[in-house]
Amino acid sequence: MLLYNLLRLRSNDTLLLKEQYRSLTRLMQSMYGVIFGVTLTLVVTFYESMPAWIAFPMPGMLTVIVVIRTWHWLAARRRVDVMTSHQQLSAIKSTAFMGAGISFGFALIGLLLMNYGSPAQQALALIMIWAVAVVSAFCLHSVLVAAFGVVLAATFPLSIAFMVSENPTVGKLVPIIVMMTVLIMFVLTELHNSFAKLVRSSENAAQSEALAVHASLHDPLTGLPNRTLLATRLEAMMARKRESGGVFAVHCIDLDRFKEVNETFGHVAGDELLRRVSQQFANACEPSDILARTGGDEFILVQEAKDADAAEALASHLIILMAAPIALESGRVFVGCSIGIFLVNDMAIEPLECVRRADLALYEAKRSGRQRLMFFDATIDDAQRDKQLLRDELRDALLHEELTVVYQAQVCERRIVGVEALIRWSTRERGAISPSIFVPIAEESGLIDALGNFVMRRAFLDSRKMKGLRISVNISAAQIRMRDFVEKVRLIANETEVDPMLVELEITEGLLLGQDPEIRQALDQLRSLGFRIVLDDFGTGYSSLGYLHRYPIDKIKIDRMFVLNMGPDAKYDSVVSAIVGMARALNIDVIAEGVETEAEHMRLLAAGCRDFQGFLFGKPKPLEALLEELNCAHYA
Ligand code: C2E
Ligand code: CA
Ligand code: CA
């Protein structure tokens, strides 16, 4: 019972148990080998002096046990990793009991032998039987109770019996054997301890290795799989589907307003938001789905969807979830998400290609107005290819200076007081391509630097022919964010000898949203060089009048959206009046753009606007046409 309880203590420790079992599978054959060898030696030694009924059946029985057990442990070697810890524990228990039993039985055989042979043979028999117990104990050192059991089961009966023996040689051995047994038990304890320590340290090493592997495959913020692990799991999913048939869906999910939350509330809130969102996504998934965070605010969800309807249902559910406000510590935020889906029904497609297609669909979903889902189809792929082609053509066009700049008049009291420089590009195959198409491509591909510099140089050079007119140049957010932007503008201005006082740089609200100190510094530097800063498309973004206080802005350009809605919606008339009034109070100029009709012009005048730009006063035109118009003097 004690033995049983001692063993039970170890049963919680599965790794130790496994290593104990492994150690037994390695050493038990040696133990049985020794038992077999000693049995054979004893038979040979006592053969002549022993009656036949002992000399044959006893070693015969022992040999059968030895063969069966040796075979058992040889077979066990292959099963170590598939055995449950419960099975391992019971195998160890039976080994401990059987070990003690065999050892005790052997000692009894030794006792029996004391009736036969010479004193020298008897001493040899005793030492050999005791040596079998010692060797067995060393073989069992990983299971300390079993080792002790084997030694003690042999030593006790042998010692007691020999103490009462009449054989003087044998009698003298008893204290030596008892002393040796104590010593051996001490050595066994040490051996067992270092065995256990080794197992512990290998467990620790395995644990830290497991942690390192986990860290390299998971996103530290949300704990979700990262791109690397996603790729592996996606491949596994495809392999499974190849065997079982069926389809699955890859969803690319992107948060619509994450950047704004991050910039407005700070990174801590951004992190909190990502954790909350990932939790909500995870709750909406089935256990068989794979959810990964693959970028700042981008998630990929691989869904075991049985068809397109199931994929659409999940994506709609996620969009609805994200449309609801999320309460963060710093306040409630509305993020929203867009989703691109690729339904994978051909398992020959590369996993990365599946993700790319879902990503393309996501891009389309965002382009068509956010908070939407979009399935991938071949037309999207064509559009993407076309975009790549356009980018390559644009690169060539910039290299060969095939782009031009046109100028649209800005008027005050029907006199041209300035112009806006607008880029133009046309190719033989495609005809005129709108800047609304190729400027974003230039921004995405880094070509915006070359494009922006080209427009600036051209516009600054042309400005000198425009008799003191103001000239507006559009500046992309991507340009200002470049470190050497201010220096570049200064160099181009010096080179072209333009008067910076005549130059207006048009930026958009998005740039000011982040309250980035570097942007502020760039704007301050540009102003100190003499350039004026204009806030373009005013009213289409966040329309916070707060920017007007916080940033060095000289002029705002009221967007065509306001111009269009004035009249049909009286609210817009009052908003425009308020904007003009406020700007005036802050000493900021106002211009309205996209004025197409006389009615619009009148309403803007009534709201207090004095400067205008739009087709009513002239379409964008090449420099020569503009100069001709200027020479023909004023508008009627
Ligand atoms: P934007 O800066 O708002 O430029 C005004 C756009 O409105 C121009 O379109 C112009 O042709 C158009 N427009 C002018 N008057 C009217 C009107 O009365 N009615 C209507 N419906 N539209 C009018 P465009 O030239 O196609 O340029 C589109 C956008 O591309 C620009 O919008 C600007 O954001 C960008 N862009 C154009 N040239 C450049 C450039 O040199 N650099 C950069 N970074 N962006 C540019
Ligand atoms: Ca503009
Ligand atoms: Ca504009």
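Scanning the stretch 334-343 for residues that are modelled with pLDDT under 95 and aliphatic (A, V, I, L, M) yields one hit, Val335. Scanning the stretch 179-199 for residues that are at pLDDT 90 or above and within 31 Å of the chain's Cα centre (by Cα) turns up nothing. Within the stretch 299-315, residues that are in contact (Cβ under 8 Å) with a residue 12 or more places away in the chain reach partners that are part of a helix (DSSP H, G or I) and of a type in the set (Ser, Thr, Tyr) with beta carbons closer than 9 Å, at six or more positions or on different chains, in the pairs Phe299/Ser278.
Which residue is nearest to ligand 2 (Cβ to nearest atom), if the candidates are limited to the stretch 552-576 and must be surrounded by fewer than 17 Cβ atoms within 10 Å (Cβ to Cβ) and of a type in the set (D, E, K, R)?
Within the stretch 552-576, the match that is nearest to ligand 2 (Cβ to nearest atom) is Asp554.
Beta carbons closer than 9 Å, at least 6 apart along the sequence or on distinct chains, pair a first residue in the stretch 197-222 that is of a type outside the set (A, V, I, L, M) and open to solvent by 60 Å² or more (accessible area, probe 1.4 Å) with a second that is at pLDDT 90 or above and part of a helix (DSSP H, G or I) for Ser216/Thr228; Ser216/Leu229.
Can you find even one residue in the stretch 242-257 that is open to solvent by less than 30 Å² (accessible area, probe 1.4 Å) and assigned to a helix (DSSP H, G or I)? Looking through the stretch 242-257, none of the residues is open to solvent by less than 30 Å² (accessible area, probe 1.4 Å) and assigned to a helix (DSSP H, G or I). Candidates are the residues of the stretch 422-439 that are farther than 15 Å from Leu398 by Cβ and within 15 Å of ligand 2 (Cβ to nearest atom); the one that is surrounded by the most Cβ atoms within 10 Å (Cβ to Cβ) is Leu422. For the stretch 521-539, the criterion of being more than 27 Å from Gly446 (Cα to Cα), within 16 Å of ligand 1 (Cβ to nearest atom) and touching a strand residue (DSSP E or B) at 6+ places or on another chain (Cβ under 7 Å) is met by at least one residue. Number of residues in the stretch 522-531 that are open to solvent by 10 Å² or more (accessible area, probe 1.4 Å) and either assigned to a loop (DSSP other than H, G, I, E, B) or within 16 Å of ligand 3 (Cβ to nearest atom) (or both): the value is 2.
Within the stretch 336-352, is there a residue that is surrounded by fewer than 20 Cβ atoms within 10 Å (Cβ to Cβ) and either closer than 30 Å to Gly468 by Cβ or within 16 Å of ligand 2 (Cβ to nearest atom) (or both)? No: zero hits. Pairs meeting the criteria (first residue in the stretch 246-265 and at positive phi, second residue among the polar types (S, T, N, Q), beta carbons under 9 Å, at least 6 apart or on different chains) are Gly246/Asn345.
If we keep just the residues of the stretch 494-516 that are part of a helix (DSSP H, G or I) and closer than 21 Å to Val406 by Cβ, which is farthest from ligand 3 (Cβ to nearest atom)? The qualifying residue farthest from ligand 3 (Cβ to nearest atom) is Thr496.
The values are calculated or read from the model by the stated rules, or taken from the named source; none is laboratory data. Everything numeric here is computed off the predicted structure, so don't read it as measured data. Here the Cβ is made from the backbone with ideal geometry for all residues, glycine too, and neighbour counts use every protein chain on show. Heads up: the accessible areas ignore ligands, DNA and RNA and are worked out on the full protein's heavy atoms, side chains in. Shrake-Rupley method; radii C 1.70, N 1.55, O 1.52, S 1.80 Å.
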